[in-house]
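Contents: one structure, followed by commentary.
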Amino acid sequence: MAPNVSTQTATRFIEVDGVRVATRSYGTGQPLLLLNRFRGTMDNWDPALVTSLARERLVIMFDSVGVGESTGEAPASVEPMADFAAAVMRTLNVESTDVLGWSIGGFVAQVLALKAPQLVRKLVLAATTAPAGAPEVTWSPAWLETASRPRPSVETAMSLFYTDTPSSRTVGGASFARMPYPPASFVTPAAMAAQAQALTRFANDDDRWYGRLKEITTPTFIANGDRDGLFPAVGSAVLAREIPTSRLAIYPDSGHGFLFQYADRSSEDVLRFLNEA
């Protein structure tokens, strides 16, 4: 039986490059590192998804530098976020791990796989996109303004993560009900501003990562909802085209939160991919 993450409240703090970093882990087995979304803390992962993944993996999550319960200053570009994730892994004595990056966490995961391929065994890119470098890759920064409102609300998150159908909204409401509220810590306005700048730089390919996607040799599973209004599914298709050893899955009637809307199905798909020889 997998651990019930809602009852496991222990947060472990580690020291990484002078930063006090909040971490949690669930389950046993091959490590699976989770990289979070814009404005996301450890409490923003759906316990249903984490519990399902922890049946077969040691699921590791952390608040990145300057985010949530971790100290320090959030960087304004993705590359130092990836470098910090690698430093967290080394501090935890994780020599090689599977990595799941959701949203901006998918940006971090792409750069991590490029800069430290020896640390990444397999890669899962969820509800994310390729850097702008192909005409198909588009995104609208309008949602970022909505997502950056000072006082987060379930209503706003529902509009960003789920479609407007009753089935999607019902499952989305259940997902938010499983998450602890209030969370252990909120993300500060300064950290949000830095994350927004990092997200925009990467999505616009200001740092020229698009041309390097073909260098990712890590086996990669790319997935998205068919109606993701933040990073449309076409961006996931471009990732699948550019990353040589990749596959693509698109989930119906779902948006940016498809991982939680289809917690059982998506976790099964992820574990099946990770368990393949």
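The values are calculated or read from the model by the stated rules, or taken from the named source; none is laboratory data. Note that the coordinates shown come from a computational prediction; the quantities given were computed from them, not determined experimentally. Heads up, the Cβs are rebuilt from the backbone with ideal geometry, glycines too, and the neighbour counts pull from every protein chain shown.
Summary table below
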{"quantity": "Search result, residues across segment 141-158 that are touching a Ser or Thr at 6+ places or on another chain (Cβ under 7 Å), part of a loop (DSSP other than H, G, I, E, B) and within 15 Å of residue 187 (Cβ to Cβ)", "calculated": "149"}
{"quantity": "Residue match in segment 197-212 (condition: within 19 Å of residue 257 (Cβ to Cβ), touching a Lys or Arg at 6+ places or on another chain (Cβ under 8 Å) and surrounded by 14 or more Cβ atoms within 10 Å (Cβ to Cβ))", "calculated": "no"}
{"quantity": "Filter result (assigned to a strand (DSSP E or B) and either on the phi > 0 side of the Ramachandran plot or of a type in the set (Ser, Thr, Tyr) (or both)) within segment 85-112", "calculated": "97"}
{"quantity": "Any hit, segment 199-210, residues being touching a residue at least 12 places away in the same chain (Cβ under 8 Å), under 16 Å from residue 145 (Cα atoms) and of a type in the set (S, T, N, Q)", "calculated": "yes"}
{"quantity": "Residues that are of a type in the set (Val, Ile, Thr), surrounded by fewer than 24 Cβ atoms within 10 Å (Cβ to Cβ) and without any contact (Cβ under 8 Å) to a residue 60 or more places away in the chain, drawn from segment 20-69", "calculated": "28, 51, 60"}
{"quantity": "Which numbered condition residue 159 fails, given (1) among the small types (Gly, Ala, Ser); (2) farther than 17 Å from residue 47 by Cβ; (3) under 20 Å from the mean Cα position of the chain (by Cα); (4) at pLDDT below 95", "calculated": "(4)"}
{"quantity": "Subset of segment 234-256 (residues that are surrounded by 23 or more Cβ atoms within 10 Å (Cβ to Cβ) and either touching a Gly at 6+ places or on another chain (Cβ under 6 Å) or over 19 Å from residue 199 (Cβ atoms) (or both))", "calculated": "243, 254, 255"}
{"quantity": "Residue in segment 71-84 that is of a type in the set (Asp, Glu), at pLDDT 95 or above, assigned to a loop (DSSP other than H, G, I, E, B) and under 27 Å from residue 158 (Cβ atoms) present", "calculated": "no"}
{"quantity": "Count - residues of segment 159-190 that are in contact (Cβ under 8 Å) with a residue 60 or more places away in the chain and assigned to a helix (DSSP H, G or I)", "calculated": "9"}
{"quantity": "Odd one out for residue 141, checked against (1) touching a Pro at 6+ places or on another chain (Cβ under 9 Å); (2) at pLDDT below 95", "calculated": "(1)"}
{"quantity": "Residue under evaluation residue 78, criteria (1) surrounded by fewer than 21 Cβ atoms within 10 Å (Cβ to Cβ); (2) touching a residue at least 24 places away in the same chain (Cβ under 8 Å), criterion not met", "calculated": "(1)"}
{"quantity": "Test result for residue 231, crowded, with 16+ Cβ neighbours inside 10 Å and at pLDDT below 95", "calculated": "no"}
{"quantity": "Selected residue (criterion: nearest to the chain's Cα centre (by Cα)) from residues of segment 8-50 that are hydrophobic (A, V, I, L, M, F, W, C) and part of a helix (DSSP H, G or I)", "calculated": "42"}
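One line per residue, one yes/no per condition, for (1) among the small types (Gly, Ala, Ser); (2) more than 18 Å from the chain's Cα centre (by Cα); (3) farther than 26 Å from residue 115 by Cα:
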{"position": "140", "(1), (2), (3)": "yes, yes, yes"}
{"position": "182", "(1), (2), (3)": "no, yes, yes"}
{"position": "199", "(1), (2), (3)": "no, no, no"}
{"position": "220", "(1), (2), (3)": "no, no, no"}
